[in-house]
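Peer 1: Below is a structure I'd like to ask you about.
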Amino acid sequence: MASRAVIARRIFGRGGLGVAGARAMSTGWWGGVEPAAKDPILGVTEAFLADPSPNKVNVGVGAYRDDDGKPVVLECVREAERRISGNLTMEYLPMGGSIRMIEETLKLAYGENSELIKDKRIAAVQALSGTGACRLFADFQKRFLPDSQIYIPVPTWSNHHNIWRDAHVPQRTFHYYHPESKGLDFAGLMDDVKNAPNGSFFLLHACAHNPTGVDPSEEQWREISYQFKVKNHFAFFDMAYQGFASGDPERDAKAIRIFLEDGHLIGCAQSYAKNMGLYGQRVGCLSVLCEDEMQAVAVKSQLQQIARPMYSNPPVHGALIVSIILNDPDLKNLWLREVKGMADRIIGMRTALRENLESLGSSLSWEHITNQIGMFCYSGLTAEQVDRLTNEFHIYMTRNGRISMAGVTTGNVSYLANAIHEVTKSS
């Protein structure tokens, strides 16, 4: 049998192994790979599942649950799947995705009768949910404006940082959350918008800001839009919760509509994970508003080119579900009722949690629970208080104090409130 050295010479030639080859021969190809840090959100669920306590509560998961704490499949989705089963093929979609799905998705963001859609000024492609839409845009930004950077709010969904980092787009931050008021730091936000270099990219949450649940008012959005116009900034909206925030998709798109009224060119990431419960289907859309139809054609072609080596073309099943629901008036109306039902349950749990805390005689103000909107409540709990909730009460959430209101039910809200009161009453 040939020795390792002989085998190495046959593989690498007389020049020898080189540094990489020597390392591979001595440690194995991947001997230098260290374990990745655990995702702070997914790690919460892992810890929850490993806990044998019958009283455990998971308010860390970012997925809707019914009042029994069970996952939900909407009836409109069930009906769409019945229509798909046995009737439609599973052929490849084009690189840009489902045209029918994209057409209806753009109407949700830009308006049912949008002139921008009619004028074909929007470059849009199906994306792998909101995450994929953000990543496509980040790569597009890097490819065509390589010297640009992105301003990201503090705080934001943690994956935003990962997305633009891996696209090699430099990141800056801007003020957003005010810890003392547990509301919007509007003055700090506006200062950062004014002080950013002209023509900067800003990542904005269209509604139900994750993780804080704090959104600007309509008047504040108008002021933000005006200042963006003055500074010629580009707004990229991540809209993961349209309809899920207030129960009304039109209301939840108000920030985008204000920017459109003011004549901005924008980008937008949309997702059907939350508002249709299509978490695992990974169906979303990336759109970029352009100067004219010719520019939109060019931009779409480049977005498709970026997608091609990533995943070739997007998955078909979720796109079929969305297309069927939004193209059928009865199913669309059913969806609107169901998404409002989800939003209303979340809003009701906010009220219940606040009332339970106040009835316990807490000296702290909890009005921010009902002032915030969407799936998450930024509670104001410290990391140490969160650790106590987990260790003493088997309540699981991320250490920044973010509570997923989807995990709060009529059956556990009193227990949750008592535990929070216990760990905060000395504050």
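Peer 1: Filter the range 231-240 down to residues that are open to solvent by 10 Å² or more (accessible area, probe 1.4 Å) and either aromatic (Phe, Trp, Tyr) or under 30 Å from residue 345 (Cα atoms) (or both), then give me how many there are.
Peer 2: Counting residues in the range 231-240 that are open to solvent by 10 Å² or more (accessible area, probe 1.4 Å) and either aromatic (Phe, Trp, Tyr) or under 30 Å from residue 345 (Cα atoms) (or both) gives 3.
Peer 1: Okay, next question. Name the pairs whose Cβ atoms lie under 6 Å apart, with the first residue in the range 346-361 and touching a residue at least 24 places away in the same chain (Cβ under 8 Å) and over 16 Å from residue 69 (Cα atoms), the second open to solvent by 60 Å² or more (accessible area, probe 1.4 Å) and among the polar types (S, T, N, Q), and 6 or more positions between them or separate chains?
Peer 2: Within 6 Å, no pair qualifies.
Peer 1: Going through the range 97-119 one residue at a time, which ones are acidic (Asp, Glu) and assigned to a helix (DSSP H, G or I)?
Peer 2: 103, 104, 115
Peer 1: From the list 391, 333, 327, 371, which one is open to solvent by 60 Å² or more (accessible area, probe 1.4 Å) and under 21 Å from the mean Cα position of the chain (by Cα)?
Peer 2: Of 391, 333, 327, 371, the one residue that is open to solvent by 60 Å² or more (accessible area, probe 1.4 Å) and under 21 Å from the mean Cα position of the chain (by Cα) is 371.
Peer 1: Can you name the residue in the range 29-83 that is hydrophobic (A, V, I, L, M, F, W, C) and free of Cβ contacts under 8 Å to residues at least 40 places away in the same chain and is also surrounded by the most Cβ atoms within 10 Å (Cβ to Cβ) among such residues?
Peer 2: So the residue we want is 42.
Peer 1: Only one of 228, 244, 202 is at negative phi and either open to solvent by 50 Å² or more (accessible area, probe 1.4 Å) or in a loop (DSSP other than H, G, I, E, B) (or both). Can you tell me which?
Peer 2: 244
Peer 1: Restricting attention to the range 28-40, does a residue exist that is of a type in the set (Val, Ile, Thr), at pLDDT below 80 and farther than 30 Å from residue 415 by Cα?
Peer 2: The answer is no, given that none of the residues of the range 28-40 is of a type in the set (Val, Ile, Thr), at pLDDT below 80 and farther than 30 Å from residue 415 by Cα.
Peer 1: Would you list the helices (runs of 4 or more DSSP H) that sit entirely within the range 326-427 and hold 3 or more residues that are touching a Lys or Arg at 6+ places or on another chain (Cβ under 8 Å) and under 20 Å from residue 214 (Cβ atoms)?
Peer 2: Of the helices (runs of 4 or more DSSP H) lying wholly inside the range 326-427, those with at least 3 residues that are touching a Lys or Arg at 6+ places or on another chain (Cβ under 8 Å) and under 20 Å from residue 214 (Cβ atoms) span 367-371.
Peer 1: Answer yes if at least one residue in the range 341-349 is over 20 Å from the mean Cα position of the chain (by Cα) and under 18 Å from residue 103 (Cα atoms), and no otherwise.
Peer 2: The answer is no; no qualifying residue exists.
Peer 1: Next question. Can you say whether residue 130 is among the small types (Gly, Ala, Ser) and in contact with a helix residue (DSSP H, G or I) (Cβ under 9 Å, 6 or more places away or on another chain), as far as the supplied structure shows?
Peer 2: Working: among the small types (Gly, Ala, Ser): yes; in contact with a helix residue (DSSP H, G or I) (Cβ under 9 Å, 6 or more places away or on another chain): no.
So residue 130 does not fit the description; no.
Peer 1: Residue pairs, Cβ under 8 Å, 6 or more apart or interchain, first in the range 410-427 and farther than 9 Å from residue 395 by Cβ and of a type in the set (A, V, I, L, M), second assigned to a helix (DSSP H, G or I) and modelled with pLDDT under 95. List them.
Peer 2: That search, which allows pairs on different chains as well, returns nothing.
Peer 1: For residues that are over 14 Å from residue 102 (Cα atoms) and small (Gly, Ala, Ser), scanning just the range 297-323, find the one that is least open to solvent (accessible area, probe 1.4 Å).
Peer 2: 307
Peer 1: Just a yes or no: is a residue in the range 383-402 at pLDDT 95 or above, under 23 Å from residue 245 (Cβ atoms) and of a type in the set (Ser, Thr, Tyr)?
Peer 2: no
Peer 1: Same structure, new question: Using the structure shown, decide if residue 138 is open to solvent by less than 30 Å² (accessible area, probe 1.4 Å), outside any loop (DSSP other than H, G, I, E, B) and either farther than 23 Å from residue 291 by Cβ or touching a Phe, Trp or Tyr at 6+ places or on another chain (Cβ under 8 Å) (or both).
Peer 2: Against the criterion (open to solvent by less than 30 Å² (accessible area, probe 1.4 Å), outside any loop (DSSP other than H, G, I, E, B) and either farther than 23 Å from residue 291 by Cβ or touching a Phe, Trp or Tyr at 6+ places or on another chain (Cβ under 8 Å) (or both)), residue 138 qualifies.
Peer 1: If you scan the range 172-197, which residues turn out to be out of contact with any Leu (no Cβ under 9 Å at 6 or more places or on another chain), part of a strand (DSSP E or B) and open to solvent by 30 Å² or more (accessible area, probe 1.4 Å)? It would help to see each step written out before you state the result.
Peer 2: Pass one, the range 172-197, residues out of contact with any Leu (no Cβ under 9 Å at 6 or more places or on another chain): 172-173, 179-197.
Those left that are additionally part of a strand (DSSP E or B): 172-173, 183-184.
Those that are out of contact with any Leu (no Cβ under 9 Å at 6 or more places or on another chain), part of a strand (DSSP E or B) and open to solvent by 30 Å² or more (accessible area, probe 1.4 Å): 172, 173, 184.
Peer 1: Here is a follow-up. Out of all the residues in the range 247-279, which are in a loop (DSSP other than H, G, I, E, B), among the acidic types (Asp, Glu) and closer than 20 Å to residue 336 by Cβ?
Peer 2: Selection gives 248 alone.
Peer 1: Filter the range 84-113 down to the residues that are free of Cβ contacts under 8 Å to residues at least 24 places away in the same chain, open to solvent by less than 100 Å² (accessible area, probe 1.4 Å) and among the polar types (S, T, N, Q) and list them by number.
Peer 2: 85, 89
Peer 1: Which of (1) assigned to a loop (DSSP other than H, G, I, E, B); (2) modelled with pLDDT of 95 or more does residue 87 not meet, given it meets every other one?
Peer 2: (2)
Peer 1: What number goes with the only condition from (1) over 17 Å from the mean Cα position of the chain (by Cα); (2) at negative phi; (3) open to solvent by 70 Å² or more (accessible area, probe 1.4 Å) that residue 168 does not pass?
Peer 2: So the condition that residue 168 fails would be (2).
Peer 1: Please enumerate the residues belonging to the range 247-273 that are in contact with a Pro (Cβ under 8 Å, 6 or more places away or on another chain) and open to solvent by 40 Å² or more (accessible area, probe 1.4 Å).
Peer 2: none
Peer 1: Mind listing whichever residues of the range 203-240 are touching a residue at least 60 places away in the same chain (Cβ under 8 Å), farther than 18 Å from residue 150 by Cα and touching a helix residue (DSSP H, G or I) at 6+ places or on another chain (Cβ under 7 Å)?
Peer 2: Selection gives 207, 240.
The values are calculated or read from the model by the stated rules, or taken from the named source; none is laboratory data. Not measured: the values here are computed from a predicted model. Don't worry about glycine lacking a Cβ; one is built from the backbone with ideal geometry, like all the others, and counts go over all protein chains shown. To get the accessible areas, we keep the full protein, side chains included, count just its heavy atoms, and leave off ligands, DNA and RNA. Shrake-Rupley method; radii C 1.70, N 1.55, O 1.52, S 1.80 Å.
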